[in-house]
Amino acid sequence: MLLFGIETSCDETATAIVDAATRTIVAQQVYSQVKEHAPYGGVIPELAARAHVERLLPLTQQTLTQAGLTWKDLHGLTATVAPGLTTALLMGRTFAQGLALATGLPFYPAHHLEGHALSPMLGSATLAPPYLLLLVSGGHTQLIHVPQVGTYHLLGTSVDDAAGECFDKVGKLLALPHPAGPALEALAATGNPTAIPFPVPRLQNPLNFSFSGLKTAVRDYLAKHPTAPRADVAASFQHTAAKILSETTARALKETALPTLVAGGGVAANSTIRAALEATAKAHGATFHAAPLPLCTDNAAMIAFATGQRLLHGLPPLPPDVRPRWPLSELTP
Ligand code: KG4
Ligand code: ZN
């Protein structure tokens, strides 16, 4: 079953053709709008929407050409409808609905976080729920129990900033370009991760996360030590972020006794965090799977795959409404 996927929830314009049954990415294109937003130090929704409109048609044509396929070879179209930037989401969904009308193919709405939640399966021949999912992106930091495709039980979430948001804000303090995750990881590679003992928060719910205190600790440290080596600050911050994520995940593994830990979302691309999670899983007798690196950050292959998995499991279609917020747990039947 070949699906054409479209992702426009934030600042990546992405298209892909995926066979969900065989877990094959037939073709995919990702256009990152980083350059458009760089002068503003963050994503500007109106600019994102305009860039999506400009890129969607050429990317779609390139994807079909790359696959060597025509619309007649495909079984459906799917686009992210939530959560994300409303104007950006509207561009992808409306474009997909237009294509559906023109081609006669069915249109299936997709949930962005379900894409991240199932993306590790796309990089593995055999991985399947039940698993414990750590979803770590620019907008979300959540521990989710996935007993089966389509069922998502929220165990813990960030009470303030998401992990990716924290990487981006600390990156800004270190004068790194937005989004700062990859640049911060590169800078940290040259620093000492134990140079500065940043605090690890203790929360009432032991499966929740907090990242705003860490961001403030870095800001205060830089104010007091303006000449501190930036690489040491980056490495110590990254070390602490990995500790917060892995210690909280360890508690969830212990509580749920799930045999598999899975990580997805942009921050799961970080090698220090992947290594910390792998060690945590091992210590609890669980296996660890992270999404393949190119599928951690936003892409359309995970969107086509998630919709394909829903269809393969006979799950009902999702509503087409574009919404800025839509908790993944609300998909649970
Ligand atoms: O999943 P994603 O592409 O978009 C959202 O759905 O939010 O995640 C983007 C986030 C950004 O905050 C970015 O800085 C972070 O993921 N990120 C990283 C790395 N690569 C991307 N954070 C830490 N280390 C990385 N290598
Ligand atoms: Zn995302």
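DSSP bridge analysis restricted to segment 102-253 gives an antiparallel fraction near 90%, rounded to the nearest 5.
Computed extension length for residue 257-residue 293: 10.3 nm, one decimal, from 0.36 nm per residue of separation with the Cα-Cα distance subtracted. The calculated FRET efficiency for residue 62 paired with residue 247, based on their beta-carbon distance and R0 = 41 Å, is about 0.40.
Where both bridge residues fall in the chain, DSSP classifies roughly 60% of the beta bridges as antiparallel. Normalising the Debye intensity of segment 227-289 to I(0), with uniform scatterers on Cα atoms only, and taking log10 at q = 0.13, 0.18, 0.25 Å⁻¹ returns -0.37, -0.62, -1.02.
Where a ≥ b ≥ c are the square roots of the eigenvalues of the C-alpha gyration tensor, would you call segment 291-333 rounded, which needs a/c under 1.5, or, failing that, prolate if a/b is larger than b/c, or oblate? Oblate, since a/c reaches 1.5 and b/c is not below a/b. Note on segment 74-116: Cα-only Rg and Dmax are 10.4, 29 Å. Binning the alpha carbon pair distances of the chain at 10 angstrom intervals from zero yields the distribution 6, 27, 33, 23, 9, 2, 0, expressed in whole percent. Subtracting the Cα-Cα distance of residue 160 and residue 53 from 0.36 nm times their residue separation leaves 35.3 nm of extension gain.
3J(HN,Hα) along segment 159-169, derived from phi through the Karplus expression 6.51 cos²θ - 1.76 cosθ + 1.60 where θ = phi - 60°, amounts to 8, 9, 6, 7, 4, x, 4, 5, 4, 5, 6 Hz, with x in place of Gly and Pro.
Counting neighbouring Cβ atoms within 10 Å and putting the fewest first, the residues 278, 46, 247 line up as 46, 247, 278. Among 44, 196, the order by Cβ neighbours within 10 angstrom, fewest to most, reads 44, 196.
If only the Cβ of Lys and Arg carry +1 and only the Cβ of Asp and Glu carry -1, the dipole of the chain around its Cα centre is close to 380 debye.
Three principal axis extents of segment 114-180 based on alpha-carbon atoms, in descending order, are 42, 27, 13 Å. Rounded to the nearest whole Hz, the Karplus-based 3J(HN,Hα) values (6.51 cos²θ - 1.76 cosθ + 1.60, θ = phi - 60°) of segment 110-122 follow the sequence 10, 9, 4, 6, 5, x, 4, 5, 9, 4, x, 5, 5, with x at glycine and proline. For residue 141, what charge total do you get from the other residues with a beta carbon under 12 Å from its beta carbon, if Lys and Arg give +1 and Asp and Glu give -1? Net local charge, residue 141 excluded: -3.
Around the amide H of residue 152, modelled in the peptide plane, lie the amide H atoms of 332, all under 5 Å away and 5 or more residues distant in sequence or on another chain. Just checking the listed ones, 255, 114, 12: in the Gaussian network model of the chain with Cα springs under 10 Å, the one fluctuating most is 255. Mean residue ellipticity, 222 nm, helices only, the chain: the sum of -39500 (n - 2.57) across DSSP H runs of n ≥ 4, divided by residue count and rounded to 500, is -13500 deg cm²/dmol.
Highest-first packing order for the peptide set 212-222, 174-184 is 174-184, 212-222, based on the mean count of other beta carbon atoms within 10 Å. For segment 1-155, the orientation-averaged shadow of the C-alpha convex hull comes to 9.3 nm² (one quarter of the hull surface).
Exposure proxy ranking for 31, 152, based on other Cβ atoms within 10 angstrom of each Cβ and starting from the fewest, stands as 31, 152. Note on segment 239-333: Kirkwood hydrodynamic radius from all Cα pairs is 15.2 Å, rounded to one decimal. Our coupling estimate for segment 91-102, obtained by passing each phi through the Karplus curve with A = 6.51, B = -1.76, C = 1.60 and θ = phi - 60°, is 4, x, 5, 5, 4, 5, 5, x, 4, 4, 4, 6 Hz, Gly and Pro reported as x. Remark: spin-label model distance residue 194-residue 212 equals 3.2 nm, labels positioned 7 Å along the Cα→Cβ axis.
Computed from the coordinates by the stated procedures, all read-outs in this text should not be read as laboratory data. What you see is a predicted model, and the numbers here were worked out from it, not measured in a lab. Here the Cβ is made from the backbone with ideal geometry for all residues, glycine too, and neighbour counts use every protein chain on show.
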